[in-house]
Amino acid sequence: MYIVLLGPPGSGKGTQGQILAKRFGLNHLSTGDLFRAILGDEDHPLYPKVQVVKEGKLVSDDVVNLVVEDALNKEEYESGVIFDGYPRTVAQAEALDDMLSSRDRKVDMVIDFDVTEEVLLDRLLGRRVCSSCKGVFHKKQGYDKCPKCGGKLITRDDDNEETIKERFEEYKNKTAPLQQYYKSGDSKYICIMVDDVDKTPDDIQKQIIDKI
Ligand code: AMP
């Protein structure tokens with residue numbers, strides 16, 4: 001099964017993607033995580049091309065598609081994938097359709113997170129990520145290390161007000177048109193509304209499972 005998670009920064013794609021991947025035995029593929037790994041490796045050939053991540057801008061379609069194609073060629077992704085943060089433009093969605101159809105596969109389901117700006121800002125400005133297992137937490141939970149693996153909790157470099165503003169703009173202009181792309185396609189499309197800062201990941205997971 002191939003599932004695309006759609007939604008603005010902070011909408012819960014990472015958290016829900018990890019839970020869904022475990023639940024359905026799929027592989028969680030986060031292009032953001034791949035780019036952050038490249039940013040930490042100055043010798044990587046794509047290092048200069050992903051510097052835009054620091055400004056909250058989208059990496060160019062050709063680079064993103066290359067990285068995803070490379071991942072899909074790995075055996076571990078053959079049994080199915082949850083795409084977290086990919087595609088983010090219509091051109092990427094078309095490229096993904098081509099990559100999957102050449103493997104006799106297709107996007108089976110799209111889960112679109114419709115989250116109010118108040119909730120997004122609360123989450124992004126309070127987000128703490130485990131540098132080891134990539135678990136996502138909120139500073140109000142008060143953890144000083146990752147409760148899952150003991151790893152160091154960090155604030156992402158792009159979780160600051162200025163970069164968040166740019167990421168929202170990129171989402172509105174380039175990613176939001178994907179809603180129409182998928183609504184008019186033949187993948188199952190479900191939309192999850194989140195308008196309350198106190199909703200927990202478990203509440204949202206239940207909403208998803210009910211709709212699926
Ligand atoms: P994320 O972890 O999904 O919030 O992604 C972090 C950053 O990585 C984004 O703000 C973009 O700069 C870059 N990025 C991740 N996925 C993509 C994509 N599909 N297309 C272009 N840029 C991306």
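Some notes on this structure:
- Relative intensity of the stretch 86-152 on a log10 scale, I(q)/I(0) at q = 0.13, 0.16, 0.29 Å⁻¹, equals -0.63, -0.79, -1.16, per a Debye sum over C-alpha point scatterers of equal strength in the absence of solvent.
- 5 Å-binned pair-distance histogram of the stretch 20-173 (Cα, whole percent): 1, 8, 15, 19, 21, 19, 12, 5, 1, 0
- For the stretch 147-194, the alpha-carbon radius of gyration amounts to 1.70 times the rule-of-thumb value 2.2 N^0.38 Å expected for a compact globular protein.
- Estimated from helices alone, the mean residue ellipticity of the chain at 222 nm is -11500 deg cm²/dmol (sum of -39500 (n - 2.57) over DSSP H runs with n ≥ 4, per residue).
- The lysine pair count for the stretch 1-116, using Cα distances under 25 Å and pairs eight or more places apart or on different chains, is 11.
- Packing-based exposure ordering (other Cβ within 10 Å, fewest first) of V136, V63, V81: V63, V136, V81
- Order of H28, H138 under a 10 Å beta carbon neighbour criterion, fewest first: H138, H28
- Under 15 Å from the Cα of K188 - aspartates and glutamates, other chains or at least 8 residues apart: D97, D108, D112, D210
- Within a straight-line Cα-Cα reach of under 20 Å, K134 can be paired with the following aspartates and glutamates, leaving aside sequence neighbours fewer than 8 residues apart in one chain: D33, D41, E76, D84, D122, D144, D157, D158, D159, D202.
- When the Cα convex hull of the stretch 101-212 is projected onto planes of every orientation, the mean area is 9.1 nm².
- Per-pair calculated FRET efficiency, R0 = 30 Å: Y77 and M193 via Cβ, rounded to 0.05: 0.50
Every number here is computed from the coordinates shown, using simple stated rules; none is lab data. Predicted model only: the values in this text are computed from it and were never measured. Here the Cβ is made from the backbone with ideal geometry for all residues, glycine too, and neighbour counts use every protein chain on show.
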